[in-house]
Each structure stands twice: as C-alpha cells, then as structure tokens.
Amino acid sequence: MNNIQSNIFNYDSRRLSEVLPEGQIIQTTISSPPYYDMKDYGVAGQVGFGQTYDDYLNDITDIFKQVLEHTVDDGTLWIVVDTFKRENGLVFLPADISERLKSVGWKLQNIIIWKKDKTVPWSSGGFVQRKFEYVLFFSKGARYKSYGDRARVFDKAKLKAWWIKYPERYNPKGRALDEIWEFPIPVQGSWGDEYIRHFCPLPKEMVATMISLSTDENDIVFDPFSGTGAVLSQAAYMNRKYVGIELNPEYVTHSKQYLKKTIKEGKEEYRKSLVQTGQEQFESEIINLRALKFGRLLLKKIETEYREYGRFIIYVDCPVLEGNAIRVNYIIIGRVDDTIKNYVKDTIGKTPFSKYGIESNISYKNSLPRKKGEEFFYSRTNSYSFQRNKKRDCEMVAIISPICVDYKESDYK
C-alpha cells in the first residue's frame with residue numbers, strides 16, 4: 001500500500017472504495033464538499049445539486065464513512081464547510097455534517113473559523129457580510145498526528161511589543177495557532193491559463209498549514225472532492241503522496257495541467273520554507289530574554305527584601321537548552337550569607353520564577369569574577385536592551401552577561 005502512485009481520478013466519490021486500494025492508507029483527508037445545492041458543478045448525478053437535503057447528507061455520510069475505513073489509525077480529516085439559507089432561515093450545515101460524521105466513527109477535535117475576506121459579500125436576505133467559513137477537524141482515534149509547533153507564529157513583525165518584556169508568556173517555539181485563521185481566498189481570474197474558475201478555491205497557505213499540522217513527508221493526502229486540485233497540488237509540493245477524486249472531467253484535466261506547470265516552483269518554495277523559518281533564532285531570543293529577566297527579578301527581590309545588605313550584582317551565563325529544560329548558571333555577587341542563600345532557594349521555587357521553565361544553578365561571590373570574554377551590562381529595570389558605555393562597577397549596572405540582546409519596544413508595536 002505504501003507504493004501507491006499519486007493520482008487524480010475522474011470518478012464518483014460515492015464509490016471511492018473502488019478507486020482506493022484495500023486497507024488503511026490515508027493519513028489525512030482535506031476537502032471542501034459541495035454545500036448542498038448552492039452550486040451546479042456541471043456534471044449529471046453530482047452530490048448536492050438536484051438532491052433533497054436528506055439524500056445529500058446521506059451521501060456525504062457514506063462518503064466519509066468510506067474515507068474512515070481507508071484512514072490509518074492515527075489519521076485525521078479536515079472539512080471546510082459553510083452555512084446557507086433556505087425558506088427564510090439559516091441551515092447550519094457544519095453542525096449537520098458534524099453529527100453525521102460522528103455517528104459513523106469520526107471524532108470531532110476542533111472547530112476553526114476561517115476568515116477569508118474575499119468572497120461573495122452578502123448573506124442572502126441578511127444584513128451582514130459573509131467573511132468566514134467553518135473548518136471541522138476530526139480524528140479517527142484518540143491518538144492522531146498533530147504537530148502544533150510547526151504552525152506557531154514566530155515572525156516578530158506579527159507579535160506585539162510585550163513579547164520582549166514578558167518572554168515567559170511565550171512558548172520558545174512561537175505563539176500557538178488560535179481558532180481563527182486568516183487566509184484570503186485567491187482572487188478569481190488571477191490564475192490565467194494555469195487554472196480555472198472555481199466557486200471557492202482554497203488558499204494554498206491554509207492547505208499547507210493543514211498538511212503540515214497533520215502529516216509527515218511521504219504520507220498520503222486525500223481529497224474526495226478535489227475540484228481544482230488545490231489540496232493535491234500543495235501535497236505534491238510538500239513531498240506528500242496524494243489521491244484525489246473529482247466527478248467533473250474538466251476539473252481533473254486542468255488540475256493535472258496546473259500541477260505539471262507549478263510543481264517545480266512549488267517544491268522549491270516548500271524547500272525554502274523549511275530552511276528559512278527563523279524559528280530556531282526566535283527560540284534562542286526568547287530563552288535569552290527569559291534568562292536575563294529571571295536574573296533581574298531575582299536581584300530585585302533580594303535588594304527589596306534585604307536593603308541593609310547593600311547593592312548586589314548578578315552574573316547571568318548563557319542558557320543551555322537540553323530537551324525541554326533551560327539550564328542557566330547565575331552568580332550572585334555582593335554581601336552574601338546563609339540568610340540570603342536560604343531566601344534565594346525558597347524564592348526561585350515560587351511564582352513568578354517557576355513559570356520561566358528555567359533550571360537555575362546559583363552560586364555566590366563577594367566580588368566580581370574576572371572577565372572571561374565580551375560582556376554586556378543591563379540595568380535593574382531593563383533586561384532586553386544592554387547599556388552602552390558603562391563600566392562593570394558602575395552603579396547603574398545590575399546584570400553582567402555574555403548574552404547580547406538589544407530591542408526597542410517601538411519596533412514591535
């Protein structure tokens with residue numbers, strides 16, 4: 001089964017088991033089935049158009065029951081679907097499909113709002129613009145492939161300024177995806193002779209996110225309503241195998257032509273995305289900021305509690321990441337006795353320090369250690385921008401470290 005060839009079949013998805021090899025081969029299915037009879041896709045006997053609502057739901061249920069049977073145990077399903085109006089009222093199609101699919105064994109894990117902007121602007125008979133659809137995410141079993149870290153937001157230009165001042169609130173891998181995804185749909189007519197007009201083409205960036213979250217390279221991605229082939233093309237770019245079924249032969253022909261023309265460019269774009277993510281750099285920056293802030297707050301606690309002991313300085317070594325542990329060596333410099341040591345030991349086990357994910361190794365000295373290499377100085381109020389033109393023994397210096405960070409809040413508003 002692992003040797004299945006990627007292909008798009010001109011076939012009826014209600015008979016998909018006649019196309020797919022026997023057994024469990026699909027890792028994830030990504031599809032936007034017809035929204036009942038909202039669109040005539042130009043083929044006799046199609047699912048949706050010309051059917052009663054019950055017949056339509058019965059067909060959808062049977063199709064995804066077959067998909068379930070061909071899905072591996074840790075496989076998943078993404079369905080993009082929307083509401084529509086009939087008889088002066090709203091039909092909540094996402095809920096109806098969800099209940100049907102749960103009845104045949106799919107487990108609903110998440111509901112995502114896809115904010116798409118460019119679309120048919122008005123709700124029929126309504127007073128609001130229609131700018132979102134629903135993405136239903138199902139799993140076959142309790143355990144399923146899910147790689148949340150791959151889709152975290154680590155582009156600093158998209159983050160608020162407070163990531164600099166409050167690095168402990170950010171996962172070093174970046175901000176997790178929320179339940180609202182903003183992906184504008186492709187502009188109609190922008191594909192030229194490479195593509196065809198479609199009722200609502202899925203944006204490649206959103207499809208890429210789904211594939212990245214739920215599959216590995218060489219896994220099989222399936223779409224029983226492949227349409228213009230957006231899912232299948234993106235799967236091919238990302239080194240996944242793909243299988244699609246589409247009843248309209250014109251769509252199948254154009255999908256294959258489009259993929260042939262764009263495969264080289266698409267693969268290169270994917271390759272660059274793996275190399276140029278910037279996630280490792282962001283992780284390093286967050287960890288450095290955490291290490292420095294941990295030291296600064298600890299120093300502030302000591303000096304506030306024991307003013308009579310005079311001034312302290314803290315030396316913060318470069319953090320070391322071992323698995324999920326962030327290990328940092330700290331040297332507290334000043335008038336130190338057992339009272340200070342006991343206070344520090346008790347304090348670092350409580351909030352806010354316990355929230356930093358840092359395993360601290362703390363030692364003590366009465367005077368500054370010898371300079372070993374390049375050093376940077378930070379004040380008692382700012383550990384995200386080093387102080388320039390300061391000397392080691394300057395009254396303004398509270399932190400000494402080989403860590404160099406230099407951020408301006410105004411750059412990240």
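The values are calculated or read from the model by the stated rules, or taken from the named source; none is laboratory data. Since the structure is predicted, the reported quantities are computational estimates derived from the model, not experimental observations. Positions of Cβ are backbone-derived with ideal geometry, glycine not excepted, and every protein chain shown enters the neighbour counts. When the accessible area is computed, the model is the full protein with side chains, heavy atoms only, and any ligands, DNA or RNA have been set aside. Shrake-Rupley method; radii C 1.70, N 1.55, O 1.52, S 1.80 Å.
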- Within the range 279-287, is even one residue at negative phi, outside any helix (DSSP H, G or I) and open to solvent by 30 Å² or more (accessible area, probe 1.4 Å)? no
- Of all residues in the range 331-363, which are under 32 Å from the mean Cα position of the chain (by Cα) and not in a loop (DSSP other than H, G, I, E, B)? Phe353, Ser354, Lys355, Ile358, Glu359, Ser360
- Note on the structure: Subset of the range 373-413, residues closer than 25 Å to Glu283 by Cβ and either open to solvent by 100 Å² or more (accessible area, probe 1.4 Å) or in a strand (DSSP E or B) (or both), comes to Glu374, Phe376, Phe377, Tyr378, Ser385, Ile399, Ile400, Ser401, Asp406, Lys408, Asp411, Lys413
- Query: Only one of these conditions is not met by Val43: (1) under 21 Å from Arg15 (Cβ atoms); (2) loosely packed, with under 15 Cβ neighbours inside 10 Å; (3) at pLDDT below 90. Which number is it?
  - Reply: (2)
- Please determine, by comparing only the residues of the range 21-39 that are under 15 Å from Thr71 (Cα atoms) and in contact with a strand residue (DSSP E or B) (Cβ under 7 Å, 6 or more places away or on another chain), which one is most open to solvent (accessible area, probe 1.4 Å). Gln24
- Query: Any residue in the range 316-324 that is of a type outside the set (A, V, I, L, M, F, W, C), surrounded by 15 or more Cβ atoms within 10 Å (Cβ to Cβ) and under 25 Å from Trp162 (Cα atoms)?
  - Reply: yes
- Task: Hey, can you tell me all the residues within the range 331-361 that are closer than 16 Å to Pro167 by Cβ and either among the hydroxyl-bearing types (Ser, Thr, Tyr) or open to solvent by 60 Å² or more (accessible area, probe 1.4 Å) (or both)?
- Result: Thr351, Ser354, Lys355, Tyr356, Ser360
- Query: Is one or more of the residues making up the range 98-116 at pLDDT 95 or above and hydroxyl-bearing (Ser, Thr, Tyr)?
  - Reply: yes
- Query: If you scan the range 250-260, which residues turn out to be over 26 Å from Leu213 (Cα atoms) and open to solvent by 60 Å² or more (accessible area, probe 1.4 Å)?
  - Reply: Glu250, Thr253, Gln257
- Query: Going by the structure shown, is Arg307 closer than 30 Å to Lys355 by Cβ, open to solvent by 80 Å² or more (accessible area, probe 1.4 Å) and touching a strand residue (DSSP E or B) at 6+ places or on another chain (Cβ under 6 Å)?
  - Reply: no
- Between a first residue in the range 79-97 that is more than 20 Å from Phe225 (Cβ to Cβ) and a second residue that is outside any helix (DSSP H, G or I) and aliphatic (A, V, I, L, M), which pairs have beta carbons less than 7 Å apart while being 6 or more apart in sequence or on different chains? Lys85/Val91
- Task: May I ask you to list the residues in the range 203-233 that are farther than 21 Å from Tyr11 by Cα and open to solvent by 10 Å² or more (accessible area, probe 1.4 Å)?
- Result: Lys204, Glu205, Ala208, Thr209, Ser212, Leu213, Asp216, Glu217, Asn218, Asp219
- Residue in the range 70-96 that is most open to solvent (accessible area, probe 1.4 Å), counting only those that are within 15 Å of Tyr53 (Cα to Cα) and not in a strand (DSSP E or B): Glu87
- Residue count for the range 1-59, restricted to those that are part of a loop (DSSP other than H, G, I, E, B) and among the charged types (D, E, K, R): 5
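Per-residue answers, yes or no, for (1) buried (at least 18 other Cβ atoms within 10 Å of the Cβ); (2) touching a Gly at 6+ places or on another chain (Cβ under 9 Å); (3) modelled with pLDDT of 85 or more:
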{"residue": "Phe138", "(1), (2), (3)": "yes, no, yes"}
{"residue": "Gly141", "(1), (2), (3)": "no, yes, yes"}
{"residue": "Asp149", "(1), (2), (3)": "no, yes, no"}
{"residue": "Glu182", "(1), (2), (3)": "no, no, yes"}
{"residue": "Trp191", "(1), (2), (3)": "no, no, no"}
- If you go through Val328, Val275, the only one that is within 30 Å of the chain's Cα centre (by Cα) and exposed (fewer than 12 other Cβ atoms within 10 Å of the Cβ) is Val275
- Task: Could you tell me whether any residue of the range 233-240 is of a type in the set (Lys, Arg) and over 17 Å from Ile26 (Cβ atoms)?
- Result: no
- Query: What do you reckon, is Glu359 in contact with a helix residue (DSSP H, G or I) (Cβ under 7 Å, 6 or more places away or on another chain) and of a type in the set (Asp, Glu)?
  - Reply: no
- Query: Restricting to the range 51-87, what's the tally of residues that are farther than 16 Å from Leu101 by Cα and of a type in the set (A, V, I, L, M, F, W, C)?
  - Reply: 2
